[in-house]
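The values are calculated or read from the model by the stated rules, or taken from the named source; none is laboratory data. The model shown is predicted, which means the values in this text are computed figures rather than measured ones. Glycine also receives a Cβ, built like all others from the backbone with ideal geometry; neighbour counts cover every protein chain displayed.
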Amino acid sequence: MTPARKLDLLGAVAGFYAGHLVAHLQSAGLFAQLRNGIDANELADQHGYDRELLHGVLEFLYQQTDLLDRDGSCYRVAAAYDSDYALEFTIDKYVRSYGQCFADLEKSLRAPNLGRSFVRRDVEAAAYHRVQSPPNPVVMEIVERDGIRSLLDVGCGPATMLRQLAQRNTDFIGWGIDENRHMCAAARRAARKEGIGARVHILHGDARGIGRRMTRAQRSSVEALQSKGLLNELFRNGSAEGAAQYLRQLAALFPGRTMFVVDYYGVLTRLEEFDSKYQHTVIHDLIQLVTAQGVPPPDLEGWAAVYDAGGCDLERAYEGDSQGIRWFVHVIRLGGER
């Protein structure tokens, strides 16, 4: 294991400035021009910016980060960040969407729901819609292999998986619920544009209220469920009871169904030491904490205990590493008899 490198004080100050700088460059659309390479003075003139200051901003990012390459006074986005997911999405998600939670940290530390009210849900939704939050290939393979024709996605985001399944199978019916109204609106627009709006139903609201949003007949038609990045929101104060309680609630509504849990293993406050390659996870854990979601268990054993407390059986586990996140797909069986 390679221990994570710690920032010294000036490194932390540089990181603070860099975060503000990249947030502005992203919101102003400058990264689109920097992808092709552009002279600092030309970029300043196009946007009506002070030449000397913008040049200093770009030079600071070049000197302090690996985001930019430089040739004279011409700056270009580095090849390692050649995709929206690698650069713009990350900035929108972690800086522009959640940055205000830390700017108002005094309030975030004291409010009942911590920094949740400060999150820019519109920015978050636009970022996820751009990259379309690709569905997990393991889940897609199992759903299609097993001929599942109706699936409920709790915390569906842009509903990419439901939409893809509906496009591939004209008999498929999908249900999704998400508390981000901007995310729901984008998902509905996409489904209508793709001609599948009549078979992909997107509900706006807290996934814990799904029992009030679907009729008994609709719930009976659901063959399987997916929770992608939702259960990790229910570990406030390090307790698994919120997640276990939700699983028991789902079991009462959808007894005996297969559920795909697509999530990640937490690190911050869960492990005393962590490998430097999981820096992405630590950053994600911090926004979990500042928005009153808590940090999920760090390993399979911890998650298995959650399923057991929720009256569910863990049937299969698939694990992997991607972008500094230890992700997994756990195939569980909800309690009760169908």
Quick one: in region 289-338, of everything that is loosely packed, with under 15 Cβ neighbours inside 10 Å and among the basic types (K, R), which residue is modelled with the lowest pLDDT?
R338
N36 passes all but one of (1) in a loop (DSSP other than H, G, I, E, B); (2) in contact with a strand residue (DSSP E or B) (Cβ under 9 Å, 6 or more places away or on another chain); (3) surrounded by 16 or more Cβ atoms within 10 Å (Cβ to Cβ); which number fails?
(3)
Search result, residues across region 1-33 that are touching an Asp or Glu at 6+ places or on another chain (Cβ under 8 Å) and part of a loop (DSSP other than H, G, I, E, B):
M1, T2, A4
Taking region 203-212 and keeping residues out of contact with any Lys or Arg (no Cβ under 8 Å at 6 or more places or on another chain) and either under 11 Å from G176 (Cβ atoms) or not assigned by TED's automatic domain parsing to the domain that holds A191 (or both) leaves A207, I210
Which is in contact (Cβ under 8 Å) with a residue 60 or more places away in the chain, surrounded by fewer than 18 Cβ atoms within 10 Å (Cβ to Cβ), assigned by TED's automatic domain parsing to the domain that holds V306 and under 19 Å from the mean Cα position of the chain (by Cα), of Q245, Q226, Q279?
Q279
Restricting to region 200-232, name every residue that is part of a loop (DSSP other than H, G, I, E, B), more than 21 Å from V331 (Cα to Cα) and of a type outside the set (A, V, I, L, M).
G205, D206, T215
Can you pull out every residue in region 194-215 that is basic (K, R) and modelled with pLDDT of 95 or more?
R199
Do we have any residue at all in region 129-144 that's of a type in the set (D, E, K, R), within 26 Å of G335 (Cα to Cα) and out of contact with any Gly (no Cβ under 6 Å at 6 or more places or on another chain)?
yes
Out of everything in region 65-86 that is in a loop (DSSP other than H, G, I, E, B), of a type in the set (A, V, I, L, M) and modelled with pLDDT of 95 or more, what residue ends up being nearest to the chain's Cα centre (by Cα)?
L67
